[in-house]
Amino acid sequence: MSDAASGPGTDRKAAERLCGERLLSAFLAAGAERVEPDILLPADTLLDLYGEDIRTRAFVTAGPDGGEAMLRPDFTVPVVQRHMATRADPARYAYAGEIFRRQMDADRPPEYVQTGFEIFGGDAADADAEVFALIHELLRALRPRIATGDTGILTAAIAGLDTSDRRKAALTRHIWRPKRFRALLDRFAGKSPPPPGRAALLKMADPMARTGPEIGLRSRAEVEARIAALRADAEEPPLSRNLVALIDAILDLSATSRDALERLRDLAVDLPAIAPSVDGVARRLDAMAARGIDVDTLPFEGSHGRSTMEYYDGFVFTFQLPQRPDLPPLATGGRYDALTRRLGGGASMQAVGGVIRPAVMLEGGAGC
């Protein structure tokens, strides 16, 4: 989008870019290498890596090679692609530039500056603490409201459930869709009936008998496989009330980080699958404290991160302007180890990062 015309929009964009460069200088001073991914990216593989929110808001167009391309909706994924070609350990990257997303609110610009800092490799707890502490220091004067969490705890809890792999996969897939996750958990626990018509369908000896010609996108074999999966699920015993209560206890957890850690340790006694993730929380808090973060007052929410990028699979954090809840977050970030595995052809590396939105700093009257 051109800045050739003068006016308020041009002034706003120039201020955003200047703020972004100032933030970038702090990331570079922390040892990061500046990277500048292309604005136009291939869409075929990238769209599947983003969460549903970003996929529906991406600008997709025809690429120079004839395939689909997208205007850059985010920096992290192209930075991961770049890094996995070298796999240096550790490595630090920083960036500042425009990203493009369709907005639900017509008053919000679809193009805005994002500045970020990413760490690959090294010790996970220390890297988490480094990213968080650096962004915390840059935003300290704004007195932001902070939220932290760890989606890895919920993922580990699901992996430890005494149920089928099919049910675990369904729950894991919908961690970032809270309503769908709740509906599945209730159904698997026998708290809610199956959708209307499903029970009658599964009772039929041959649901495909007397059917007409095949129409739609699914083949007969695919429909039969789906019916077989539904029948297998219907025959599974329900999740125990105790296991569901443990999942709910994780989701309902809201406390200071030290208090949350003690509660998570208590839950790990009955759900040992989360113990390694809980140990990771403890190491991260120690690393944060060593960097001057007051972890005794730092908030922790068991459900935090379920409405952010779907590639976050561990530590997650958000900074918000408390006086402007109508604005997007000042900063967000988290750990995304699984994303490196997907983009690395099976080879993975520990990775964590965070981004700051200069426009929010400026729009909230906070300055930069």
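Read-outs throughout are calculated quantities, based only on the coordinates presented, and are distinct from any laboratory measurement. The structure presented is a predicted model; accordingly, all values stated were derived computationally and were not measured. Counting neighbours? That spans all protein chains shown, and the Cβs are built from the backbone with ideal geometry, glycine included.
General remarks:
- The Kirkwood radius of the stretch 262-368, taken over pairs of alpha-carbon atoms, gives through the Stokes-Einstein law at 37 °C and 0.692 mPa s a diffusion coefficient of 205 µm² s⁻¹.
- With θ taken as phi - 60° and the Karplus curve 6.51 cos²θ - 1.76 cosθ + 1.60 applied, the whole-hertz 3J(HN,Hα) list for the stretch 113-126 is 7, 10, 10, x, 9, 10, 10, 10, x, x, 6, 4, 4, 5 Hz, x standing for glycine and proline.
- Amide H contacts of D74 (H built 1.01 Å from N, under 5 Å, at least 5 apart or other chain): F100
- Amide H to amide H distances under 5 Å link D150 with H304, V316, where only residues 5 or more positions off or on other chains count and H is placed in the peptide plane.
- Scalar couplings 3J(HN,Hα) for the stretch 146-163, obtained by applying the Karplus form with A = 6.51, B = -1.76, C = 1.60 to θ = phi - 60°, are 10, 10, 10, x, 7, 5, x, 5, 5, 4, 5, 5, 5, 4, x, 5, 8, 7 Hz; x denotes Gly and Pro.
- 5 angstrom amide H check on L239, placed H, neighbours 5+ away: A189, G190
- Around F132: net Lys/Arg minus Asp/Glu count, Cβ-Cβ under 10 Å: -1
- Solvent-free Debye calculation, one equal scatterer per alpha-carbon of the stretch 52-169: log10 I(q)/I(0) at 0.12, 0.16, 0.20 Å⁻¹ equals -0.73, -1.15, -1.26.
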